[in-house]
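The values are calculated or read from the model by the stated rules, or taken from the named source; none is laboratory data. Here the structure is a predicted model, which is why all the values come from computation and not from measurement. Cβ atoms come from the backbone with ideal geometry, glycine included; neighbour counts cover every protein chain shown. Accessible surface areas use protein heavy atoms only, side chains included; no ligands, DNA or RNA. Shrake-Rupley method; radii C 1.70, N 1.55, O 1.52, S 1.80 Å.
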Amino acid sequence: KAVATARRIAELDPYLPVEVFHQGLTTDTVDDFLDGLNVLVEECDSLDIKAVVRVAAGHRRIPVLMATSDRGIVDVERFDDEPGRPILHGLLGPLDIGLLPGMSSKEKIPHILRHLEAEKLSPRTAASLIELDRTLATWPQVASEVIIGASAVAEAVRRIGLGEELRSGRT
């Protein structure tokens with residue numbers, strides 16, 4: 001995915017500097033990954049990396065944006081304005097995020113459901129969570145939801161870049 005994205009960026013603007021992290025985003029690479037960022041758009045599948053990158057972004061006061069690919073939801077975490085704010089809106093509760101890497105996908109489901117606010121999930125997404133590690137390898141996404149989320153996140157980045165009001169929260 002990273003190489004394909006870098007190629008597409010080069011096609012759009014060959015003068016834009018792009019660095020590919022071939023080993024992926026890990027606890028060992030998160031600091032290098034965040035160096036020089038003004039805004040982080042986070043769209044990884046791993047709950048442990050979602051948590052780790054937010055903790056590091058919070059320390060650096062970098063705002064984090066994420067589209068959930070379900071019901072057009074965008075999460076805004078303005079660590080630049082609120083450096084002490086809890087990651088993922090505090091929805092993980094008192095979970096020790098250091099335990100996440102050792103958990104199976106199935107063990108992470110209760111935490112993911114808290115983060116996604118299970119009672120608000122679309123029926124399609126709720127049904128797919130049951131199939132993780134059985135018939136599905138990762139979270140399924142519908143293309144139309146991804147496009148809606150990308151547009152909403154692009155608008156959020158624009159607002160942050162222009163200094164317009166954009167508060168933390170889920171919308």
Check on residue 151, among the polar types (S, T, N, Q) and at pLDDT below 85: no
Residue count for the range 127-171, restricted to those that are open to solvent by less than 40 Å² (accessible area, probe 1.4 Å), over 19 Å from residue 76 (Cβ atoms) and touching a helix residue (DSSP H, G or I) at 6+ places or on another chain (Cβ under 7 Å): 2
Failed condition for residue 66, given (1) under 25 Å from residue 132 (Cβ atoms); (2) in contact with a helix residue (DSSP H, G or I) (Cβ under 7 Å, 6 or more places away or on another chain); (3) touching a residue at least 40 places away in the same chain (Cβ under 8 Å); (4) buried (at least 17 other Cβ atoms within 10 Å of the Cβ): (2)
The range 29-53 residues that are over 11 Å from residue 66 (Cα atoms), paired with ones that are in a helix (DSSP H, G or I) and open to solvent by 70 Å² or more (accessible area, probe 1.4 Å) (beta carbon under 6 Å, 6 or more apart): 34/60; 48/101
Positions within the range 108-125 being in a helix (DSSP H, G or I) and either open to solvent by 40 Å² or more (accessible area, probe 1.4 Å) or among the hydroxyl-bearing types (Ser, Thr, Tyr) (or both), in sequence order: 110, 113, 114, 118, 119, 120, 123, 124, 125
Selected residue (criterion: most open to solvent (accessible area, probe 1.4 Å)) from residues of the range 5-49 that are assigned to a helix (DSSP H, G or I) and of a type in the set (Asp, Glu): 11
Residue in the range 75-107 that is modelled with the lowest pLDDT, counting only those that are open to solvent by 10 Å² or more (accessible area, probe 1.4 Å) and touching a Ser or Thr at 6+ places or on another chain (Cβ under 9 Å): 105
Answer from 135, 125 - the residue that is among the polar types (S, T, N, Q) and without any contact (Cβ under 8 Å) to a residue 12 or more places away in the chain: 135
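Listed here are the residues, each with its yes/no results for (1) assigned to a loop (DSSP other than H, G, I, E, B); (2) at negative phi; (3) of a type in the set (A, V, I, L, M).
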{"site": "59", "(1), (2), (3)": "no, yes, no"}
{"site": "65", "(1), (2), (3)": "no, yes, yes"}
{"site": "70", "(1), (2), (3)": "yes, yes, no"}
{"site": "83", "(1), (2), (3)": "yes, yes, no"}
{"site": "94", "(1), (2), (3)": "yes, yes, no"}
{"site": "106", "(1), (2), (3)": "no, yes, no"}
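So that you can scan it fast, the table gives a plain yes or no per residue for (1) assigned to a loop (DSSP other than H, G, I, E, B); (2) touching a residue at least 24 places away in the same chain (Cβ under 8 Å); (3) not hydroxyl-bearing (Ser, Thr, Tyr):
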| position | (1), (2), (3) |
| --- | --- |
| 145 | no, yes, yes |
| 151 | no, no, no |
| 156 | no, yes, yes |
| 163 | yes, no, yes |
